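Notes to accompany the following structure.
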Amino acid sequence: MHSILNKLGISEDNLGAFAGEWRGGGNVIEKISPVDGKVLARVHSASAEDYEWAVGRAHEAFLKWRVTPGPVRGETVRRLGNALREAKSDLATLVTLETGKIIAEGEGEVQEMIDICDFAVGQSRMLYGLTIQSERPSHRLMEQWHPLGVVAVISAFNFPVAVWSWNAALAAVCGDATVWKASEKTPLTAIAVTKIAERVCRQTGADPAIFTLLMGDRKTVGQRLAADRRIPLISATGSVQMGIHVAQTVHGRLGKTIMELGGNNALVVAPSADIEMATQSIFFGAVGTAGQRCTSTRRVILHESVADKVRKKLLAAYKTMPIGNPLDRKTLMGPLIDKNAVDMVQHSIQRLKDEGGEVLYGGDPLDGAEFPGGCYMKPCLAVAKPDLEIVQHETFGPLLYLMTYRDFDEALAIHNNVPQGLTSAIFTNDVREAEKFLSVAGSDCGIANVNTGTSGAEIGGAFGGEKETGGGRESGSDSWKSYMRRQTNTINFSTELPLAQGIQFGSDDAG
């Protein structure tokens, strides 16, 4: 473990503020691994003075970076992707040690960073505008995109590095600088990635402050970022409650936000579904990252004709699933992020029982010699009615609700009747059901899938949701536009001054 930390530039004591140099005058964060309860390292977080210095440096870096040609900016991101490739194994191990997600998922998260760097490099040559037909003779109407400014990225513990990369790689090729407030629960991966980015910037001649880091608490860093008029865009991932506070502050100063908040994702299993495929997708979606993904499957809506079969298959999978050390490749579920997360799931399970739901399997905390010092529990499989109050809330852990339906319209009504709207899925071989699920009368989520699960989105598509999920979009497609400002231009190359809409102003011999 220590050799991996050393290779990534992590020591016993680390500074948590970076903007071209490393500082850390704030409180000390002691990072305890959820795998075994041992201290990995300590981090000196940012002070209020560190904050002012870092944001000021990020703005200075932006002023130089914005006039750097897009393809040249892309070269820095290309090298960042290559540096991440070289560090993939070590960085994935650190992700696992810090979050508890199994090593295969840690490797997948680092691969997401590499993939979005590749995507962004191509995008650096495709920051396209438009030419528009003018109604006035000898006029050209066009639209172009300019760098926006300093972008703040507030990320959560469950994807400690991937979400930063979705934002930072695109923001960088768009000409922006980023200030990263990583989760206090995962400070070491943030420091390791920032050190990789720093090294790359020094190699290419870019100001390393384009990738600024501010580890710190909500008061010292988070609230200041939201209120800071030097930061035109905040991209925030986390709880709905957090998102509401950030949005109110940012929008109160007429800033922009990208919000990736709660998910209460459902998967519908229709009568014609491939049951094996559906069960595998439910299983991965529910227990992957110990149920701590915003895209985790939380509700399964089963047609009555297949409900018993799916239930039996899931029970068998849950009862035989290997739980334990996430560095062991045979393990399918590691620990939750901390003891509080385990307690939160226990509270939700008790609420479920109090409201009339039934636990079919699991939910028990795991400790003893087999799980020394860790934050482990058995995943919980339960039966619930869709109108239970607890079902309306996102429990960020391995708690899965099974419910049934009779006709397809009922399934859609159950599916959409929650406040959240991130991702959704249906397993069906009926083309009419599939098409309706994807139509305006179907899923009300930002992501809707057919014959694949709710988790595991590719970086090429825009990622985000609707309703209380926040409405933002990150990663692929045209999400890059969020990191730029749109400008409409009119060029008159005539010797006349005609007005739009044919307006005549003043006499012909005026002047």
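The values are calculated or read from the model by the stated rules, or taken from the named source; none is laboratory data. Please read these numbers as outputs of a predicted model, since none were measured by experiment. Counting neighbours? That spans all protein chains shown, and the Cβs are built from the backbone with ideal geometry, glycine included. Side chains are part of the model used for accessible areas, which takes the heavy atoms of the whole protein and leaves out ligands, DNA and RNA. Shrake-Rupley method; radii C 1.70, N 1.55, O 1.52, S 1.80 Å.
Descriptive notes on the structure:
- Selection count where residues are over 30 Å from PRO372 (Cβ atoms) and in contact (Cβ under 8 Å) with a residue 12 or more places away in the chain, scope region 20-53: 12
- The criterion of at least 2 residues that are at pLDDT 95 or above, over 22 Å from GLU474 (Cα atoms) and not charged (D, E, K, R) is met by the following strands (runs of 3 or more DSSP E) wholly inside region 211-280: 265-269.
- The listed residues are LEU402, LEU360, and the only one of them that is of a type in the set (A, V, I, L, M, F, W, C), within 23 Å of GLY465 (Cα to Cα) and surrounded by fewer than 22 Cβ atoms within 10 Å (Cβ to Cβ) turns out to be LEU402.
- Checking ALA104 against (1) open to solvent by 20 Å² or more (accessible area, probe 1.4 Å); (2) closer than 22 Å to ARG486 by Cα, the condition it does not meet: (2)
- Selection count where residues are open to solvent by 30 Å² or more (accessible area, probe 1.4 Å) and within 27 Å of the chain's Cα centre (by Cα), scope region 24-37: 6
- Breaking point among (1) out of contact with any strand residue (DSSP E or B) (no Cβ under 7 Å at 6 or more places or on another chain); (2) touching a residue at least 24 places away in the same chain (Cβ under 8 Å), for TRP164: (1)
- Answer from GLN144, GLN111 - the residue that is touching a strand residue (DSSP E or B) at 6+ places or on another chain (Cβ under 6 Å) and open to solvent by 10 Å² or more (accessible area, probe 1.4 Å): GLN144
- Test for LYS312: is it under 13 Å from LEU402 (Cα atoms) and open to solvent by 10 Å² or more (accessible area, probe 1.4 Å): yes
- Residue, farthest from VAL150 (Cα to Cα), within region 29-53, restricted to residues that are among the aliphatic types (A, V, I, L, M) and touching a helix residue (DSSP H, G or I) at 6+ places or on another chain (Cβ under 8 Å): VAL35
- The set of residues in region 9-45 that are part of a loop (DSSP other than H, G, I, E, B) and aliphatic (A, V, I, L, M) comprises ILE10, ALA19, VAL35.
- Considering residues of region 483-496 that are open to solvent by 60 Å² or more (accessible area, probe 1.4 Å) and assigned to a loop (DSSP other than H, G, I, E, B) only, the residue nearest to GLY460 (Cα to Cα): PHE493
- Counted residues, region 76-93 - those being without any contact (Cβ under 8 Å) to a residue 40 or more places away in the chain and open to solvent by less than 10 Å² (accessible area, probe 1.4 Å): 1
- Within region 450-482, considering residues that are in contact with a Phe, Trp or Tyr (Cβ under 9 Å, 6 or more places away or on another chain) and not in a loop (DSSP other than H, G, I, E, B), the one surrounded by the most Cβ atoms within 10 Å (Cβ to Cβ): SER475
- Residue in region 165-182 that is more than 18 Å from the chain's Cα centre (by Cα), surrounded by fewer than 24 Cβ atoms within 10 Å (Cβ to Cβ), under 24 Å from LYS64 (Cβ atoms) and at pLDDT 95 or above present: no
- Once region 248-264 is narrowed to residues that are of a type in the set (A, V, I, L, M) and free of Cβ contacts under 8 Å to residues at least 60 places away in the same chain, the residue that is farthest from PHE463 (Cα to Cα) is LEU254.
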